[in-house]
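The values are calculated or read from the model by the stated rules, or taken from the named source; none is laboratory data. A quick note: this is a predicted structure, and the numbers were derived from the prediction, not measured. Virtual Cβ from ideal backbone geometry, glycine too; neighbours counted across all protein chains shown.
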Amino acid sequence: MGGYFKEIFDGAYSLVTGMGVTLKYLFQPVVTEQYPHVVPTIPDRFRGHIELVGNEETGAPLCIVCGMCQKACPSGCITVAGEKVEGVKGKVLTQYTLDFTKCSLCGICVESCKPGAINFSKDYNLAGLRKEEFIYDLKKRLEEQKR
Amino acid sequence: MNPEVIRVLGYLVSFIAFVALNAAMLVWMERKVAGHIQRRIGPKEVGPFGLLQSFADGIKLMTKQLIVPEGADVPLFKVAPMLVMIPAVMCFVTIPFSEQLAARNINVGLLLIFAIASVNVFALLLVGWASNNKYAVISAARAVSQNVAYEIPMLITAITVVMFTGTMNLQDIVLGQAGGFWNWNIFPASKNIGMVFLMPISFLIFFICSMAETNRAPFDLGEAESELVAGFHTEYAGMGFGLFFLGEYANVFIGCSLAVILFLGGWQCPFGLFPGVHWFLIKVYFLIFVVMWARWTFPRTTFYGLLNLSWKILIPFSLFNLVLTGAFIKVF
């Protein structure tokens, strides 16, 4: 008989404790971020898709078209092309495409790049309606960023 | 035209409007309370503070097609949502919102509310049967056994209040609690010192039972999504489903307003100043908040736990309470 009342009392006590916990939570500030309205602070080591790094003064890509990233990529996402231009040492970048549909963000391309011409971007709005939207022209992207 | 007919029509239209508006606002409130308890914001995009969210949802529900499943009992399937809704609206007839604002002053008001509210169980059973869906039938059977189990302690505690106040007229019950919170039935220090210990227990039993009667969490076994898809309204789409929602929130309102009328002094002010409909609504919505708060705190009970709570704890306690109430009314 004593166990019966003890069970009721303990049960009621635990219920009241639970109500207390949720009441405390009710008046604490919210912790969610309102996604489209608030731009979150992206951590330094965030891995977005890769992007080209430009020269700080001229904004021209640091890429020397060595093709190491293209070779290193295990999924074959990267296509690099360059041409010789009169008066410029080495090759000049003409095309840098990333097929993001195959990319797994492993970062081997970034590691393999000797001049440090590619980097992870902080882009996180990556929704699209068609497959073609995920084949990025990174050279054009760099030029647009420069403007 | 006969003024009595206009009066009846006026009350009917305003009750249905109130039920719909109440449900819309309670859905919003529920989502806000749920959100903030989980430290989210809840609806915020449609209208200021997301206030118009439930109206947007309502419009969406109304534009949807009503699908009748194959093998369903078509007339019953179509009548059942209305059967859920009609008792909910009818219960409002006897509820006194304030001294003037009551559709009917019936001297067996309490009895009438319990009589009408129990039709709701019948409607749930019909819903389950008419859907031709095993989940709906299981859910309906659960809802019925739950309602039967919790009706008993609820009625017994209502009887303790009737014994104490000496009337079944809800108006008179509230008028007897005038003056201030020390006159309320939950803590009737000024009337009968012995009842001070019994009435809070009565209130607690009544409140738990009204939560279980309206199939609210943690007693919402009829709607256990993890096992029964959506419960008795699995097969309903569009406004058929919407009517169950309206009915549920109307029943929550009725349960809480009964608790307020019987125990918390109805439209009376706690300090004896300016009694009126505003006090009634404040108290009712506070109790509804407590119901929501409980829903978002406790997980759903097991079915045996639910029935054990009723048959092993609430019914013995309420019976003992009834006997002691009778004795205390004689002694003090």
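Side notes on the structure shown:
- The set of residues in region A:103-147 that are in a loop (DSSP other than H, G, I, E, B), over 15 Å from the mean Cα position of the chain (by Cα) and touching a residue at least 24 places away in the same chain (Cβ under 8 Å) comprises A:C113, A:K114, A:P115, A:G116, A:A117.
- You will find that of A:V16, A:V53, A:V39, A:V31, the residue that is at the interface with chain B (Cβ under 9 Å from one of its Cβ atoms) and of a type in the set (V, I, T) is A:V31 and no other.
- Candidates are the residues of region B:183-224 that are surrounded by 22 or more Cβ atoms within 10 Å (Cβ to Cβ) and among the hydroxyl-bearing types (S, T, Y); the one that is nearest to B:F320 (Cα to Cα) is B:S202.
- B:V174 being farther than 20 Å from B:G326 by Cβ, among the aliphatic types (A, V, I, L, M), at pLDDT 80 or above and surrounded by fewer than 22 Cβ atoms within 10 Å (Cβ to Cβ): no
- B:A23 being out of contact with any helix residue (DSSP H, G or I) (no Cβ under 9 Å at 6 or more places or on another chain) and more than 14 Å from every other protein chain (Cβ to nearest Cβ): no
- Restricting attention to region B:26-48, the residues that are more than 19 Å from B:G247 (Cα to Cα) and within 13 Å of chain A (Cβ to nearest Cβ) total 14.
- Answer from A:K84, A:K6 - the residue that is within 14 Å of another protein chain (Cβ to nearest Cβ), without any contact (Cβ under 8 Å) to a residue 60 or more places away in the chain and surrounded by fewer than 16 Cβ atoms within 10 Å (Cβ to Cβ): A:K6
- Subset of region B:104-142 that is β-branched (V, I, T) and part of a loop (DSSP other than H, G, I, E, B) - its residue that is modelled with the highest pLDDT: B:V108
- Test: residue in region B:206-228 that is touching a Cys at 6+ places or on another chain (Cβ under 8 Å) and not acidic (D, E): yes
- Test for B:L66: is it assigned to a loop (DSSP other than H, G, I, E, B), away from chain A (no Cβ under 14 Å) and under 25 Å from B:G231 (Cα atoms): yes
- Residues that are acidic (D, E) and in contact with a Ser or Thr (Cβ under 6 Å, 6 or more places away or on another chain), drawn from region A:60-99: A:E83
- Search result, residues across region A:13-22 that are surrounded by 12 or more Cβ atoms within 10 Å (Cβ to Cβ) and more than 17 Å from B:A217 (Cβ to Cβ): none
- Residues in region B:215-231 that are over 13 Å from the mean Cα position of the chain (by Cα) and of a type in the set (D, E, K, R) were compared, and the one that is modelled with the highest pLDDT is B:D220.
- Identity of the residue in region B:274-314, of a type in the set (S, T, N, Q) and crowded, with 17+ Cβ neighbours inside 10 Å, that ends up nearest to B:T160 (Cα to Cα): B:S310
Per-residue answers, yes or no, for (1) part of a helix (DSSP H, G or I); (2) surrounded by 11 or more Cβ atoms within 10 Å (Cβ to Cβ); (3) of a type in the set (K, R):
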site: A:Y35; (1), (2), (3): no, no, no
site: A:G48; (1), (2), (3): no, yes, no
site: A:E56; (1), (2), (3): no, no, no
site: A:G59; (1), (2), (3): no, yes, no
site: A:Q70; (1), (2), (3): yes, yes, no
site: A:S75; (1), (2), (3): no, yes, no
site: A:Q95; (1), (2), (3): no, yes, no
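- Here B:V89 meets each of (1) in a loop (DSSP other than H, G, I, E, B); (2) within 14 Å of the chain's Cα centre (by Cα) with one exception, condition (1).
- Region B:143-156: number of residues that are surrounded by fewer than 23 Cβ atoms within 10 Å (Cβ to Cβ) and either among the hydroxyl-bearing types (S, T, Y) or not in a helix (DSSP H, G or I) (or both): 1
- Test for B:V8: is it at negative phi, part of a helix (DSSP H, G or I), away from chain A (no Cβ under 14 Å) and at pLDDT below 85: yes
- Matching residues, region B:288-311, being in contact with a Phe, Trp or Tyr (Cβ under 9 Å, 6 or more places away or on another chain) and either within 14 Å of chain A (Cβ to nearest Cβ) or of a type in the set (K, R) (or both): B:V290, B:V291, B:R300, B:T301, B:L306, B:L309, B:S310
- Within region B:315-332, if we keep just the residues that are β-branched (V, I, T), more than 23 Å from the chain's Cα centre (by Cα) and surrounded by 13 or more Cβ atoms within 10 Å (Cβ to Cβ), the residue that is nearest to B:F206 (Cα to Cα) turns out to be B:T325.
- Residue under evaluation A:K24, criteria (1) within 14 Å of chain B (Cβ to nearest Cβ); (2) at pLDDT below 85, criterion not met: (2)
- Residues of region B:179-214 that are under 23 Å from the mean Cα position of the chain (by Cα) and of a type in the set (D, E, K, R): B:E213 alone.
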